[in-house]
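Scroll down for the structure; my scribbles are underneath it.
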């Protein structure tokens, strides 16, 4: 009996976002995790109801940055309640979710899907620190939508996609949009990142070189 070839998942994306207690990442703890898996055409590989949205239990006595305490009061209340999971349980839930949707993990890192999102380096850092399950399933490359944002801003002199504009996000999201605009909500931010990349894909032609540099 021949062993089947490992499935190539490198043409999928692990759209991943986190909320956390401080911008000082060495000190930060997780508050919220969201994951949506798409194919190369930005289409979910599972129904929208299976998007992963998890609250992370904030350890008793854990202090957050003053900005987080002031601006994320609702999220902090949830993270200090029984609705939130210990971070170890969040890691287990991620592992089970990835196995259910993607099947066995390819043995080669080159066959695994990249993490994707905006400013993904921060989420990558925290996942490496707290969520080994998703790091073990991820490609060594990442897809950072922020790179497109920087390029477009430098090319055009302004930035045409506003992720806080919910009608615009809904317009460019390729599928069922099952979130509502909320500042610093991991699931909304995941969907907005997908919509933003689709916006760039839809408007591929830009004026180059940047204004004033012709």
Report yes if residue 31 is touching a strand residue (DSSP E or B) at 6+ places or on another chain (Cβ under 9 Å), in contact (Cβ under 8 Å) with a residue 60 or more places away in the chain, farther than 16 Å from residue 97 by Cα and surrounded by 15 or more Cβ atoms within 10 Å (Cβ to Cβ), otherwise no. no
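Please work out if residue 167 is more than 17 Å from residue 49 (Cα to Cα), at pLDDT 90 or above and surrounded by fewer than 16 Cβ atoms within 10 Å (Cβ to Cβ). Spell out how you get there, then give the answer.
Numbers: more than 17 Å from residue 49 (Cα to Cα): yes; at pLDDT 90 or above: yes; surrounded by fewer than 16 Cβ atoms within 10 Å (Cβ to Cβ): yes.
For residue 167, the condition - more than 17 Å from residue 49 (Cα to Cα), at pLDDT 90 or above and surrounded by fewer than 16 Cβ atoms within 10 Å (Cβ to Cβ) - is met.
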Could you say whether any residue in region 162-185 is over 30 Å from residue 88 (Cα atoms), part of a helix (DSSP H, G or I) and in contact with a helix residue (DSSP H, G or I) (Cβ under 7 Å, 6 or more places away or on another chain)? yes
Would you check if there is a residue in region 14-21 being assigned to a loop (DSSP other than H, G, I, E, B) and surrounded by fewer than 19 Cβ atoms within 10 Å (Cβ to Cβ)? no
Over region 34-46, the set of residues in contact (Cβ under 8 Å) with a residue 60 or more places away in the chain and either more than 16 Å from residue 117 (Cβ to Cβ) or not in a loop (DSSP other than H, G, I, E, B) (or both) is 34, 35, 36, 37, 38, 41, 43, 44
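The values are calculated or read from the model by the stated rules, or taken from the named source; none is laboratory data. Just so we're clear, the structure is a prediction, and the values are computed from it rather than from any experiment. All Cβ positions, glycine included, derive from the backbone under ideal geometry; neighbour counts span all protein chains shown.
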